[in-house]
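Written out below as C-alpha cells is the structure these notes cover.
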Amino acid sequence: MWLSFAFLSAFLLGFYDVFKKKSLKDNAVIPVLFLNTLFCSLIFLPAVIATSLGIFENDHMLYAPTQGWEVQKYIILKSFIVLSSWLLGYVGIKHIPITIVGPINATRPVWALLGALLIFGERLSLLQWIGVLTALLSFFLLSKSGKKEGIDFRRDKWIVCLVFSAILGAISGLYDKYLMAPVENGGVGLNRMEVQAWYNIYQCLWMGLMLLLLWLPIRKKSTPFHWSWCILGISLFLSVADFAYFYALSLEGAMISVISMARRSSVLVSFVFGAIVFKEKNLKSKAIDLALVLLSMIFLWLGSH
C-alpha cells in the first residue's frame, strides 16, 4: 500500500515540476515561491483549525495537532531545509530546460546514499555501488547533452543551484523518516499532518520576510512579477503529492530508500511535457541519460534488499 502512495506522489510531482517551469517563465522567483507557500499553508490550515477545535480527533486522516516548542523546533528545521532546496530549485529550473532538470533531481537517492557513506560511515552493497556509478555516468552524459545547448555543468551557476537543491532534498527525505519514525525505533514520532501543515506555514512566514526585505525594495529593477494560474497549480499538485508521500512514510513497513527512489520516477512526467509542451531539444541523447538514471534507481532498490 505504501509503495502505491509513493508512486502516486511521483506522478503528481511530475505535474508540479511542469507547473513550476511554466509559472517561472519571465517571472520573478521570490513572489512565485511566496505565493506557493501561501497557498500550501491555506490548504492545510483548515486541518490545523479543525483539530484545535476538536472536530478532527487523533484517528482522523487529517488530524493535525499543534504541539509545543519540543516538537516545533524539529519542524522549523525541516522548513529551513526544504525552503533552501526550493529556492535553489526554483532558480535553477527557471534557467535550465526541464528535460535536464528532471534527471538531475532524480539523482537525489544517490546523494542520500553518498551522504550516509561519508557522514555515517555506512557500507554500500555491490548493487548499490553499481547504482551510484551508473547515476554518476548519467550525470556525466547529461553534461554532454547540456553542452549542445550551451550549458557548461562545471561553470553554470544554475546547474550548481540544481545540484545543491537535489542534495538538500535528499537530506530532507532522510530527516522526514527520522521525524516520523517511532521513538522506540530512534525517531521523534511526530504526526505526519502536523509536520506537513506547520512546515508549510513556517515557510510562508520566511518567504513573506524575503518578499518584504529582499524583493519589494528592488522589484522595479529586477524581473517583474505577473500572475499566472499555473502558480496555483504548483501548490495544489505539491500539496497532494506531499500528502501521499507523508502518508506512505507513516504506514507500517515503509522504506524511505524505496519511497525516495519511487518518487524520482516523476522525471518521466516532466520529461514528456518538456518534449511535447516546451518543445525542448536534444531529446534523443537526454532520453539515454534518463534511462541510465532510472537504471541506477533499479540497482539502488535491488541493493537495498
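The values are calculated or read from the model by the stated rules, or taken from the named source; none is laboratory data. Just so we're clear, the structure is a prediction, and the values are computed from it rather than from any experiment. Glycine gets a Cβ as well: all are built from the backbone with ideal geometry, and neighbour counts include every protein chain shown. Heavy atoms of the whole protein, side chains included, go into the accessibility calculation; ligands, DNA and RNA do not. Shrake-Rupley method; radii C 1.70, N 1.55, O 1.52, S 1.80 Å.
Is it the case, given these coordinates, that residue 198 is over 16 Å from the mean Cα position of the chain (by Cα) and buried (at least 23 other Cβ atoms within 10 Å of the Cβ)? Considered against the rule, which asks whether it is over 16 Å from the mean Cα position of the chain (by Cα) and buried (at least 23 other Cβ atoms within 10 Å of the Cβ), residue 198 comes out as yes. Of the numbered criteria (1) without any contact (Cβ under 8 Å) to a residue 60 or more places away in the chain; (2) open to solvent by 40 Å² or more (accessible area, probe 1.4 Å); (3) outside any helix (DSSP H, G or I), the one residue 178 fails is (3). Residue 183 satisfies every condition listed in (1) open to solvent by 80 Å² or more (accessible area, probe 1.4 Å); (2) of a type in the set (Val, Ile, Thr); (3) modelled with pLDDT of 90 or more except (3). Scoring residue 170 on the criteria (1) open to solvent by less than 50 Å² (accessible area, probe 1.4 Å); (2) modelled with pLDDT under 90; (3) not in a helix (DSSP H, G or I) leaves a single failure, condition (3).
For the residues 127, 117, the requirement of being among the aliphatic types (A, V, I, L, M) and either touching a residue at least 60 places away in the same chain (Cβ under 8 Å) or touching an Asp or Glu at 6+ places or on another chain (Cβ under 6 Å) (or both) singles out 127.
Listed conditions (1) farther than 30 Å from residue 197 by Cβ; (2) small (Gly, Ala, Ser); (3) crowded, with 23+ Cβ neighbours inside 10 Å are all met by residue 143, apart from (3). Every residue in the range 186-195 that is open to solvent by less than 40 Å² (accessible area, probe 1.4 Å) and touching a residue at least 12 places away in the same chain (Cβ under 8 Å), please. Result: 188, 190, 192, 193, 194, 195. Of all residues in the range 21-58, those satisfying the criterion of being touching a helix residue (DSSP H, G or I) at 6+ places or on another chain (Cβ under 7 Å), in a helix (DSSP H, G or I) and open to solvent by less than 20 Å² (accessible area, probe 1.4 Å) are 23, 31, 32, 33, 36, 37, 40, 41, 44, 47, 48.
Only a single item in (1) closer than 30 Å to residue 28 by Cα; (2) in a helix (DSSP H, G or I); (3) without any contact (Cβ under 8 Å) to a residue 40 or more places away in the chain is not met by residue 155, and it is number (2). Look at residue 161 and say whether it is touching a Cys at 6+ places or on another chain (Cβ under 8 Å) and of a type outside the set (S, T, N, Q). No, not satisfied.
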